[in-house]
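Read the structure below first, then the notes.
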Amino acid sequence: MKMEFSIEKTVKQRYSVRTYDNHTLSTKEKDQIKAYMKSLTNPFSIDISFQLLEKEASANGEKLGTYGVIKGAVDFIGASVVQGDLALEALGYSFEKLVLYLTSLGLGTCWLGGTFNRSSFASAMNLKEGELFPCISPIGYPISKKRLLDSFMRLAAKSDQRKEWKDLYFIENVSKPLSQSDAGEYAFPLEMLRLAPSAVNKQPWRVMKDKDSFHFFKNGALKTNGERIDIQKVDMGIAACHFHLAALEKDLPGTFKKLEHPGIDNPDHMEYEFSWVTE
């Protein structure tokens, strides 16, 4: 399948941009981004609502703010989804695909799940009853010189570090780490998944290979934002996006399914999410 951008190049190029050049995007750029938003789909077949928001355009006249975490950003992207099974995972998938596309255009982004004025953004989004609004991202051109706060936050979040294969991927059960050689042609999608971003870099995904399937689990305790939304389910969607786009780029067979019985017992402290089933 022909992709709009190189997965490996774009995944390695993406980083969290917190300081922008204080200029709004052009009308042409906004139209291009809006068109791409409308084209976005996800393997869970769940509709995601995206909106491109301007800092000065809150519905109640209040400026859209990020408590000083983001500087110079004029434009933002918000996403919402109707509450339901795999809704947050679908949102994470579609939002991350958008983030990677924007990265390929030379634009900066930064996932924000808590450090923003939620009420003003929710007002600007015109949320409907039953919709979840877990996160936003600024969008714009990054400045070349980073603030000291940027460097501190990257260090505090360990943004440049990722867990090793042996801590993330297993074969049949958690006592058997999955090697890259055992992963075969799926070593590339799993490596792209390993490099995916997550809230405070928790990397909650664990993947269990069993025969020709890869079962995805969410590891650890509930991680919520200010509205008690399990933000790690968004992370699982981000993980699915990286894995899926890499598999599509390599024309690898398979599809995501949530199985009633994945055939593997849930390991301790892990919650079954979905499976990649080859056909």
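Which one of these is of a type outside the set (Ser, Thr, Tyr), more than 27 Å from Leu112 (Cα to Cα) and in a helix (DSSP H, G or I): Phe214, Phe188, Phe243?
Working: Phe214 fails: in a helix (DSSP H, G or I); Phe243 fails: more than 27 Å from Leu112 (Cα to Cα).
Unique residue meeting the criteria: Phe188.
Looking at the stretch 45-72, I want the residues that are closer than 30 Å to Gly84 by Cβ and of a type in the set (A, V, I, L, M) and have a partner that is at pLDDT below 65 and part of a loop (DSSP other than H, G, I, E, B) with Cβ atoms under 8 Å, at least 6 apart or on another chain. Which pairs are those?
Leu64/Ala57; Leu64/Ser58
Collect the residues in the stretch 197-221 that are touching a residue at least 24 places away in the same chain (Cβ under 8 Å) and within 16 Å of Gly263 (Cα to Cα), keeping them in residue-number order. Let's see the steps before the verdict.
Taking the stretch 197-221 first, the residues touching a residue at least 24 places away in the same chain (Cβ under 8 Å) are 197-210, 212-221.
Once the filter is applied, which keeps residues that are touching a residue at least 24 places away in the same chain (Cβ under 8 Å) and within 16 Å of Gly263 (Cα to Cα), the stretch 197-221 yields Arg206, Val207, Met208, Lys209, Asp210, Asp212, Ser213, Phe214, His215, Phe216, Phe217.
Restricting the search to the stretch 13-65, which residues are at pLDDT 95 or above, more than 30 Å from Met236 (Cβ to Cβ) and surrounded by fewer than 15 Cβ atoms within 10 Å (Cβ to Cβ)?
Listed by number, the residues that qualify are Ser26, Thr27, Lys28, Asp31.
What about Leu100, is it at pLDDT 95 or above, aliphatic (A, V, I, L, M) and touching a helix residue (DSSP H, G or I) at 6+ places or on another chain (Cβ under 6 Å)?
Details: at pLDDT 95 or above: yes; aliphatic (A, V, I, L, M): yes; touching a helix residue (DSSP H, G or I) at 6+ places or on another chain (Cβ under 6 Å): yes.
Criteria met by Leu100.
Quick check on this structure: which one of Met236, Met208, Met270 is within 21 Å of Glu96 (Cβ to Cβ) and of a type in the set (A, V, I, L, M)?
Details: Met208 fails: within 21 Å of Glu96 (Cβ to Cβ); Met270 fails: within 21 Å of Glu96 (Cβ to Cβ).
Criteria check complete, one pass: Met236.
Residue by residue through the stretch 7-40, note down the ones that are β-branched (Val, Ile, Thr) and not in a helix (DSSP H, G or I).
Initially, the stretch 7-40 is screened for residues β-branched (Val, Ile, Thr), giving 7, 10-11, 17, 19, 24, 27, 33.
If the condition is that a residue be β-branched (Val, Ile, Thr) and not in a helix (DSSP H, G or I), then Val17, Thr19, Thr24 are the ones that fit.
The values are calculated or read from the model by the stated rules, or taken from the named source; none is laboratory data. Remember, it's a predicted structure, so these values are computed and weren't measured experimentally. Note that each Cβ is placed from the backbone with ideal geometry, even for glycine, and that neighbours are counted across all protein chains shown.
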